[in-house]
Amino acid sequence: MTVRIRRAALHGALALMATISLGPFLWLVCASFKRDDDIFRYLLLPWREPSRWTLGNFSALWRRYPFFDWLCNSLFLACAQTCIVVVLSSMAGFALAKYRFRFRRLLIGVLLASMLLPYQVLLPSLRLMMHQLGWINSYAAILLPSSVSAFGALLFMQAMWQVPDELLQAARIDGCSEWRLWWEIALPMVRPMLGAYTLLSFMASWNSYLWPQIVLQSEQKYTLPIGLANMMAMGEQQIPYGPLMAGTLLSILPVAALFFVLQRDFIAGLASGSIKG
Amino acid sequence: MRFADRCDIFLGNDILRMGRRRWLPSGLFLFGGHAPRHNMPGTARRTLWSFQSRWAPLFFLLPFLLLLVTFLLYPMVRSANLSLYKVASPTAMRFIGLDNYRFLLRDRVFLGSVLNTLYFAIAFICLQMPLSLGLALLLNRPALRFRNVYRFAFFSTHLVGAVFVGVIFALLLTPRHGPVDRAIGAIFPRLGVETPWLSSPILAMPAILMAALWISVGYGMIYFLAALQAVDPQLYDAAVVDGAGRFGTFWHVTLPSIAPMLRFLALVGLIWAVQLFELPWVLFQQTTGPAGRGLTMVMYLYIMGIGVGDLGYASAVGWVLVLIILLVSLIGLPLLRSREAR
């Protein structure tokens with residue numbers, strides 16, 4: 001009997017925590033289908049009056065804000081950023097793990113140290129650089145500075161240590177070029193980590209706000225976080241609750257979808273990478 | 001052995017087939033798109049081959065290194081230099097030595113932002129660690145039903161970007177009608193009438209903390225869960241034999257075993273927390289919050305650098321931030337190492 005009570009208490013506590021975790025999502029979904037004056041009147045949806053449900057928030061996003069532009073910009077930037085970061089850091093990680101060359105330890109030391117450096121300290125000088133290069137309000141200013149990830153290179157280095165040297169040597173003897181050693185042997189062998197890191201960098205780019213906000217100036221070029229944050233802060237005007245919630249919902253969905261695809265790799269990769277410190 | 005299996009597959013089959021697979025345009029002969037070309041004379045082929053294997057690490061590293069130097073090392077040096085200037089506009093700068101730092105020490109707004117940041121960081125760590133660990137302990141039962149569902153539910157909050165969390169919580173925290181106040185009102189009918197979460201100076205930080213914890217408790221839980229599953233089960237058996245109670249087992253077996261993870265998460269969490277920017281920035285609608293209680297160091301850097309336009313002063317703020325993170329890691333990293341060595 002006590003076992004049963006204890007189990008019920010455990011599930012009760014867990015369910016309560018899960019409600020706190022998922023509740024805001026549920027509320028968000030409901031809020032994006034409510035009219036502005038109903039948002040706080042009903043906790044979730046006005047179930048008894050389906051006529052009060054509305055898709056108006058979504059259409060308002062399209063009509064009143066350049067939301068579609070923001071969505072496309074975010075998608076483009078996140079995809080491009082992810083490709084660049086993953087390719088560059090896996091190449092660097094492969095070189096660091098599988099070759100011996102001069103200054104290798106020095107380079108690893110520099111990378112380790114730069115992981116501790118808060119990137120915000122670079123913002124003023126980067127901003128000045130972008131100004132002098134004439135890159136203000138261009139996507140090159142977002143893509144290039146964030147394409148170098150010390151964390152990623154070290155992560156791939158750690159993962160690719162497991163690729164046996166004998167295997168690479170055997171492939172070399174069979175006439176495999178160094179380039180393909182990386183692409184066709186090392187990368188497939190670190191697949192779980194690759195999946196995790198891909199998702200991680202996609203999320204980082206999709207959610208990044210501070211640097212894009214500094215560089216981008218015209219509303220058409222904004223990304224989703226900038227657009228939504230500015231919708232929040234319209235000064236004296238009333239906050240457009242409905243469209244804001246609808247926009248937030250649409251901004252969370254792509255990451256959630258990607259997470260579902262890569263989920264198993266992701267949590268496994270996250271945990272295994274951390275255990276080794 | 002999955003790993004060995006994979007090696008076998010690679011050694012046995014795939015390498016033999018590699019010549020026929022085309023992943024790269026053949027123009028990239030330097031790295032050898034595919035097997036050496038047969039229309040090339042033998043010596044040239046050999047030279048190319050030895051060339052590419054000798055310089056391969058350089059080619060793999062070159063793009064990364066170029067970007068590292070241009071967009072990380074150079075800006076770092078530049079920002080150290082920039083912090084010695086007074087900047088009115090990108091073309092009008094005046095060298096003022098250490099005056100920026102001298103002024104920082106007397107800048108009340110800046111000192112307020114440092115206090116806010118430290119308050120947040122310490123409160124955040126003190127709340128996040130026990131909550132994450134508690135959740136992980138509750139979930140660390142292999143026979144638990146819906147275990148993966150719970151795990152997913154707790155972790156999913158971490159997928160949402162800080163800006164979006166700020167937007168959601170700004171609405172959740174609406175006084176009286178917002179869900180948070182409704183929940184409080186439902187549990188304590190006399191207390192939760194109208195809580196000015198985002199407009200009272202005392203409640204500003206708890207509001208930020210609430211949002212920050214919502215993001216990161218589940219994330220910490222995943223790490224703790226991994227650490228808990230790595231604890232040697234024999235230790236638990238030994239504890240049972242020695243007659244240790246529930247609490248004793250936790251204190252003497254579990255806690256020491258997961259201590260490295262505890263320190264690692266504390267360090268990472270602290271570094272994350274002192275860089276707080278988006279949450280208060282969005283929650284308080286791009287202001288410094290009631291009575292400046294939402295102002296963090298990075299926010300001040302942004303306001304001074306981009307809003308006011310003094311990039312030199314902003315760099316100085318940035319270097320104070322570096323100093324704080326350096327102090328935290330200098331204290332934290334040796335602790336981390338010493339444990340791993342044992």
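Could you list, in sequence order, the residues of the stretch B:234-265 that are in a helix (DSSP H, G or I) and more than 30 Å from B:S329 (Cα to Cα)?
Of everything in the stretch B:234-265, those that are in a helix (DSSP H, G or I) and more than 30 Å from B:S329 (Cα to Cα) turn out to be B:Q234, B:L235, B:Y236, B:D237, B:A238, B:A239, B:V240, B:V241, B:R246, B:F247, B:G248, B:T249.
Looking at the stretch B:266-287 only, could you name the residues that are over 16 Å from B:G318 (Cα atoms) and part of a loop (DSSP other than H, G, I, E, B)?
B:F284, B:Q285, B:Q286, B:T287
Kindly provide the set of residues from the stretch A:238-255 that are in contact with a helix residue (DSSP H, G or I) (Cβ under 6 Å, 6 or more places away or on another chain) and either open to solvent by 40 Å² or more (accessible area, probe 1.4 Å) or over 16 Å from B:G166 (Cα atoms) (or both), ordered by number.
A:Y241, A:V255
Whether any residue in the stretch A:235-245 is closer than 27 Å to B:T157 by Cα, within 9 Å of chain B (Cβ to nearest Cβ), β-branched (V, I, T) and under 16 Å from the mean Cα position of the chain (by Cα) is what I want to check.
The answer is no, given that none of the residues of the stretch A:235-245 is closer than 27 Å to B:T157 by Cα, within 9 Å of chain B (Cβ to nearest Cβ), β-branched (V, I, T) and under 16 Å from the mean Cα position of the chain (by Cα).
Here is a list: A:R48, A:R35. Which entry is more than 26 Å from the chain's Cα centre (by Cα), away from every other protein chain (no Cβ under 11 Å), more than 30 Å from A:N137 (Cα to Cα) and touching a residue at least 24 places away in the same chain (Cβ under 8 Å)?
So the residue among A:R48, A:R35 that is more than 26 Å from the chain's Cα centre (by Cα), away from every other protein chain (no Cβ under 11 Å), more than 30 Å from A:N137 (Cα to Cα) and touching a residue at least 24 places away in the same chain (Cβ under 8 Å) is A:R35.
Mind checking whether some residue in the stretch A:44-58 is over 23 Å from A:I252 (Cβ atoms) and crowded, with 18+ Cβ neighbours inside 10 Å?
no
Please enumerate the residues belonging to the stretch B:154-167 that are touching a residue at least 24 places away in the same chain (Cβ under 8 Å) and either within 13 Å of A:A18 (Cβ to Cβ) or out of contact with any Gly (no Cβ under 7 Å at 6 or more places or on another chain) (or both).
Of everything in the stretch B:154-167, those that are touching a residue at least 24 places away in the same chain (Cβ under 8 Å) and either within 13 Å of A:A18 (Cβ to Cβ) or out of contact with any Gly (no Cβ under 7 Å at 6 or more places or on another chain) (or both) turn out to be B:F154, B:F155, B:S156, B:T157, B:V160, B:G161, B:A162, B:V163, B:V165, B:G166, B:V167.
Output the residues belonging to the stretch A:189-237 that are aromatic (F, W, Y) and open to solvent by 30 Å² or more (accessible area, probe 1.4 Å).
A:Y222
Are there any pairs, at least 6 apart or on different chains, whose C-beta atoms fall under 7 Å, with the first in the stretch B:113-141 and under 19 Å from B:V268 (Cβ atoms) and open to solvent by 60 Å² or more (accessible area, probe 1.4 Å) and the second among the charged types (D, E, K, R) and part of a loop (DSSP other than H, G, I, E, B), and if so, which?
Between residues of the stretch B:113-141 that are under 19 Å from B:V268 (Cβ atoms) and open to solvent by 60 Å² or more (accessible area, probe 1.4 Å) and residues that are among the charged types (D, E, K, R) and part of a loop (DSSP other than H, G, I, E, B), there is no close pair.
Is it true that some residue in the stretch A:19-31 is touching a Ser or Thr at 6+ places or on another chain (Cβ under 7 Å) and open to solvent by less than 40 Å² (accessible area, probe 1.4 Å)?
Yes: the stretch A:19-31 contains one or more residues that are touching a Ser or Thr at 6+ places or on another chain (Cβ under 7 Å) and open to solvent by less than 40 Å² (accessible area, probe 1.4 Å).
Right, A:S138: among the hydroxyl-bearing types (S, T, Y) and open to solvent by 40 Å² or more (accessible area, probe 1.4 Å) or not?
No; evaluated as a whole, the condition is false for this residue.
Could you list, in sequence order, all residues of the stretch A:115-130 that are open to solvent by 20 Å² or more (accessible area, probe 1.4 Å) and closer than 17 Å to B:V77 by Cβ?
A:L116, A:L117, A:Y119, A:R127
Which count do you get for residues in the stretch B:138-183 that are more than 30 Å from B:R246 (Cα to Cα) and either facing chain A (nearest Cβ under 7 Å) or hydroxyl-bearing (S, T, Y) (or both)?
18
Would you list the helices (runs of 4 or more DSSP H) that sit entirely within the stretch A:79-145 and hold 2 or more residues that are free of Cβ contacts under 8 Å to residues at least 40 places away in the same chain?
By residue number, A:104-116, A:123-133.
Return only the number of the condition from (1) touching a helix residue (DSSP H, G or I) at 6+ places or on another chain (Cβ under 7 Å); (2) under 19 Å from B:V163 (Cβ atoms); (3) more than 11 Å from chain B (Cβ to nearest Cβ) that A:N207 does not satisfy.
Unmet condition: (3).
Mind listing whichever residues of the stretch B:176-218 are at pLDDT 90 or above and closer than 15 Å to A:I20 by Cβ?
Correct list: B:L209, B:M210, B:A211, B:A212, B:L213, B:W214, B:I215, B:S216, B:V217, B:G218.
Within the stretch B:254-273, can you find the residues that are open to solvent by 20 Å² or more (accessible area, probe 1.4 Å) and more than 11 Å from chain A (Cβ to nearest Cβ)?
Answer for the stretch B:254-273, where residues must be open to solvent by 20 Å² or more (accessible area, probe 1.4 Å) and more than 11 Å from chain A (Cβ to nearest Cβ): B:L255, B:P256, B:S257, B:L262, B:A266, B:L270.
Count, please, the residues in the stretch B:284-337 that happen to be more than 9 Å from every other protein chain (Cβ to nearest Cβ), open to solvent by 60 Å² or more (accessible area, probe 1.4 Å) and touching a helix residue (DSSP H, G or I) at 6+ places or on another chain (Cβ under 6 Å).
Qualifying residue count, the stretch B:284-337: 3.
Just checking, does the stretch B:146-153 include any residue being of a type outside the set (K, R), outside any helix (DSSP H, G or I), more than 30 Å from B:P201 (Cα to Cα) and open to solvent by 70 Å² or more (accessible area, probe 1.4 Å)?
yes
Scan B:F120, B:F103 and give me the residue that is part of a helix (DSSP H, G or I) and at pLDDT 95 or above.
Just one listed residue meets the conditions, B:F120.
Name the residues in the stretch A:218-247 that are under 18 Å from A:W206 (Cα atoms) and among the β-branched types (V, I, T), would you?
Within the stretch A:218-247, A:T223, A:I226 meet the criteria.
Among the residues of the stretch B:176-195, write down those that are open to solvent by less than 50 Å² (accessible area, probe 1.4 Å) and either within 22 Å of A:L199 (Cβ to Cβ) or not in a helix (DSSP H, G or I) (or both).
Residues satisfying the conditions are B:G178, B:G192, B:T195.
Filter the stretch B:184-209 for residues that are out of contact with any helix residue (DSSP H, G or I) (no Cβ under 7 Å at 6 or more places or on another chain) and under 20 Å from B:A266 (Cα atoms) and give the result.
B:P206
Within the stretch A:146-171, restricting attention to residues that are within 7 Å of chain B (Cβ to nearest Cβ) and assigned to a helix (DSSP H, G or I), which residue is nearest to B:R78 (Cα to Cα)?
Per the stated criteria, the residue is A:S147.
Here are some conditions: (1) on the phi < 0 side of the Ramachandran plot; (2) surrounded by fewer than 19 Cβ atoms within 10 Å (Cβ to Cβ); (3) modelled with pLDDT of 90 or more. A:D174 meets all but one. Which one does it not meet?
For A:D174, the exception is condition (3).
Does A:L258 qualify as being assigned to a helix (DSSP H, G or I), more than 10 Å from every other protein chain (Cβ to nearest Cβ) and open to solvent by 10 Å² or more (accessible area, probe 1.4 Å)?
no
Scanning for something out of contact with any Pro (no Cβ under 9 Å at 6 or more places or on another chain) and either facing another protein chain (nearest Cβ under 10 Å) or under 29 Å from B:F277 (Cβ atoms) (or both), does the stretch B:231-246 turn up at least one residue?
No, the stretch B:231-246 has no match at all.
The values are calculated or read from the model by the stated rules, or taken from the named source; none is laboratory data. Just so it is clear, the model here is predicted, and its values are computed rather than measured. Here the Cβ is made from the backbone with ideal geometry for all residues, glycine too, and neighbour counts use every protein chain on show. Side chains are part of the model used for accessible areas, which takes the heavy atoms of the whole protein and leaves out ligands, DNA and RNA. Shrake-Rupley method; radii C 1.70, N 1.55, O 1.52, S 1.80 Å.
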